[in-house]
Every structure is written in structure tokens, then in C-alpha cells.
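The values are calculated or read from the model by the stated rules, or taken from the named source; none is laboratory data. It should be emphasised that the depicted structure is a prediction, and the values quoted were computed from it without experimental measurement. Neighbour counts are summed over all protein chains in view; Cβ atoms, including those assigned to glycine, are modelled from backbone coordinates with ideal geometry. Heads up: the accessible areas ignore ligands, DNA and RNA and are worked out on the full protein's heavy atoms, side chains in. Shrake-Rupley method; radii C 1.70, N 1.55, O 1.52, S 1.80 Å.
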Amino acid sequence: MTTATLPLKPITEDFKEAVAFALGQRETARAFVAEVVAAGLRNVFLVGCGGSLTASYPVHFLLETRAGFPVFHMNSDEFNLRKPALLGEGSLVLVSSHTGTTKETVAAAHYARSTGARVAALTRDDGSPLAQAADIAFTYRSEDTVVAPKGVLFGQLAYALLESTGAEGDYAAVRKAYEALPDALYTAQEEGEALAHSIATALADEPVTYVLSAGPNYGAGYGFTMCYLMEMQWKHGGSYHAGEFFHGAFEVVTEDQPVILFLGEDATRPMAERTKAFLDKYTRKAHYVDSRLFSLPGVPEAVRGDITPIALDVFGTRLARHYESVRGHDLDKRRYMFQVEY
């Protein structure tokens, strides 16, 4: 049983500043995208590893549902080895790495440019190897606030692509929503503190936790499982798509099996609600992270479904902090990452 604890770290001090800095690059994103579209945009690739890949799930969903061009989403090393046939002139590749030093992602940027594709990097600093390898870099400068500004940078690029290619949308409402994000996402973290503490306390000693999510929220569930539970807490976890859950994975559920389910407010919510109904019936250890918990002040109701994937991802960062506090296991502690050759 867990006995060691650590003080709960506060919401990152530079949270609002980092999100506002990302927002300040909107016009640069629009100008770059307009140039790419004018030159003949054919397709878009979203490329990264780990948390930098999960951060692009919301815009992958957004572009696949609204754009008139194909969009692809893949791990950096698979991108390098797969060598997509449609990659080349007319391709836009958005590559992401927090440090800007992830070797597979830096290689992906170089490879993409060698094919004639345009490359935009999303990273912490503009002096990083990834930033230098790209045509342009969008940054957030913060070491501690990562998920929210990265979500903003991806979103601004995606909406610029949609608007520049003539896709229908209420772009004024979206802009209003994004301008509200420094305060809205900070408030969401405050509103989620009690839930985060209750989940971390209840599941701190569980041997295996399954995490379910779907649609644009899949990245929040997958990222929480792999990056926080497994990487940063050394806890066994499994992440599954809420729709796929009923095609095999649900057979392991018992009344004592812990499950965390993320529910958003987009078109895929019915999948999550179906899963919730099953979990309510068959396990007493289900925990629900429903974006309806978050008031998101300033975000128009009509576009909440576009924003809540970012809010759920940000909640995951606070949930991880609560695990750290309850279990006494520092999130920066590693066995292998940055410690050995791999």
C-alpha cells in the first residue's frame, strides 16, 4: 500500500503566459498556411512521438471531418521508414517535439523537406535542432507548461488550413474561444482538482488501470496512459478506443477492475456514453472525466466540442500531479528515458 507522499505541486506558474504566447503566433500561422495553400496544398501529415504525437489527435479529427484534403497521422520513426507515397511537393508536415531534440522527429523534418514538402515545427525553443530543420517553427518557450500551448499551436494551424481552403465554419466563434483559453484552461484545472484527487487516491495502489477515450479525445486518454501512468509513474496501464472496447477488451472487466473514461462534447460522445453505461453496470471502480465539468468561461457553447479535447488533455497533466503527490513518485523519475542508450 502507498505510504510515501509528496506535496501537490501547484498549477504551473507560467500557464497563462505560455498559452498567451502561443496565441500570439496566430497571424504568423495564417500567413504561412496561406503561402502553402497558394503554392498548391495536396495533403497534411501530423508527425511526432509520445506526448507530441498525442497532442495532434484533436486536429487530426478536426481536419478529417472538415477538410477537403487528406490528412495523415503517424509516429516519427514510422514516417521515416514507411516513406509515404503521397509525401512530396504540395505536402505540409507538422512535426512536434517538446525539446526539439527527439532524433526520430528531427530526422522526419529533414526527410520531409528532402521530398519537397513544407515543414512546420511545434517545439519549445526556436533554436532547437527541430526548429532549425523546419521551414518555420512555432514555439511556447515554457519548460513546464506544454500541453495547452501545444494544443493551441496545432489548433491555430489547423483552423488556418480550413479557412484558407474554404471549409465552412464559424471562425469568429473559434477565435473568441481561443482568446479565452489562458483563463478558461486555468479555470478548468481548478475545477478538476477534486476529481483528480479522488481518482489518484482511489487508484494509487491498483496493479492495472485501463483508460478509454474516443474521437479527438483519444489522445488525452492514450497520452495519460503511456506518458503519465507508465512512463512517469511506472504503473501498468492500457489505453483503448471506446468504440473498439466492445470488440474484445471489455471481456477483462470485473467488478474490481479500475477504468478511467474520458468523455468529450464532440460528435463521438455517444461512443463514450455507451461505454459509461456498460461500466456503470459491470464495475464498481469506474471513474469518469467528463468535459462538462469544465465551465470554460468565454468559450462559445457552439464550439465547446472543438475546445474540450484540449481541456481533457490539460486535465491529464493535473491528474498526473495528483498521482505524484499521493504515491510519492516524482514525475521526473526515470529508469530508462534519458538514462541509457535506447
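A compact table of results
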item	result
Counted residues, segment 37-74 - those being of a type in the set (A, V, I, L, M, F, W, C), without any contact (Cβ under 8 Å) to a residue 12 or more places away in the chain and in contact with a strand residue (DSSP E or B) (Cβ under 8 Å, 6 or more places away or on another chain)	0
Long-range neighbours under 6 Å by Cβ, at least six apart or interchain, first residue touching a residue at least 12 places away in the same chain (Cβ under 8 Å) within segment 3-32, second assigned to a loop (DSSP other than H, G, I, E, B) and of a type in the set (Asp, Glu)	THR12/ASP144
Failed criterion for TYR186 (all others in (1) assigned to a loop (DSSP other than H, G, I, E, B); (2) touching a Phe, Trp or Tyr at 6+ places or on another chain (Cβ under 6 Å) hold)	(1)
The lone exception for ASN80 - which of (1) among the polar types (S, T, N, Q); (2) in contact with a helix residue (DSSP H, G or I) (Cβ under 6 Å, 6 or more places away or on another chain); (3) within 18 Å of PRO149 (Cβ to Cβ) it fails	(3)
Members of segment 43-58 that are surrounded by fewer than 22 Cβ atoms within 10 Å (Cβ to Cβ) and out of contact with any Ser or Thr (no Cβ under 6 Å at 6 or more places or on another chain)	GLY50
Hits in segment 245-283 (condition: part of a loop (DSSP other than H, G, I, E, B), under 19 Å from VAL208 (Cβ atoms) and under 24 Å from the mean Cα position of the chain (by Cα))	PRO258
Any chance THR187 is open to solvent by less than 10 Å² (accessible area, probe 1.4 Å) and either over 22 Å from VAL33 (Cβ atoms) or more than 19 Å from the chain's Cα centre (by Cα) (or both)	no
Count - residues of segment 1-20 that are open to solvent by 60 Å² or more (accessible area, probe 1.4 Å) and in contact with a Lys or Arg (Cβ under 7 Å, 6 or more places away or on another chain)	2
Residue in segment 234-244 that is open to solvent by 20 Å² or more (accessible area, probe 1.4 Å) and part of a loop (DSSP other than H, G, I, E, B) present	yes
Matching residues in segment 256-266 - criterion: being in contact with a helix residue (DSSP H, G or I) (Cβ under 7 Å, 6 or more places away or on another chain) and either open to solvent by 20 Å² or more (accessible area, probe 1.4 Å) or over 18 Å from THR225 (Cα atoms) (or both)	GLU265, ASP266
Residue match in segment 280-294 (condition: open to solvent by 30 Å² or more (accessible area, probe 1.4 Å), over 30 Å from THR254 (Cα atoms) and in contact with a helix residue (DSSP H, G or I) (Cβ under 7 Å, 6 or more places away or on another chain))	no
Those residues of segment 195-233 which are under 20 Å from ASP330 (Cβ atoms), among the hydrophobic types (A, V, I, L, M, F, W, C), open to solvent by 20 Å² or more (accessible area, probe 1.4 Å) and in contact (Cβ under 8 Å) with a residue 24 or more places away in the chain, in sequence order	MET226, MET232
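Matching residues to (1) open to solvent by 40 Å² or more (accessible area, probe 1.4 Å); (2) at pLDDT below 95; (3) part of a helix (DSSP H, G or I):
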| site | (1), (2), (3) |
| --- | --- |
| GLY298 | yes, no, no |
| ALA302 | yes, no, yes |
| THR308 | no, no, yes |
| LEU312 | no, no, yes |
| TYR323 | no, no, yes |
| VAL326 | no, no, yes |
| ASP332 | yes, no, no |
| PHE338 | yes, yes, no |
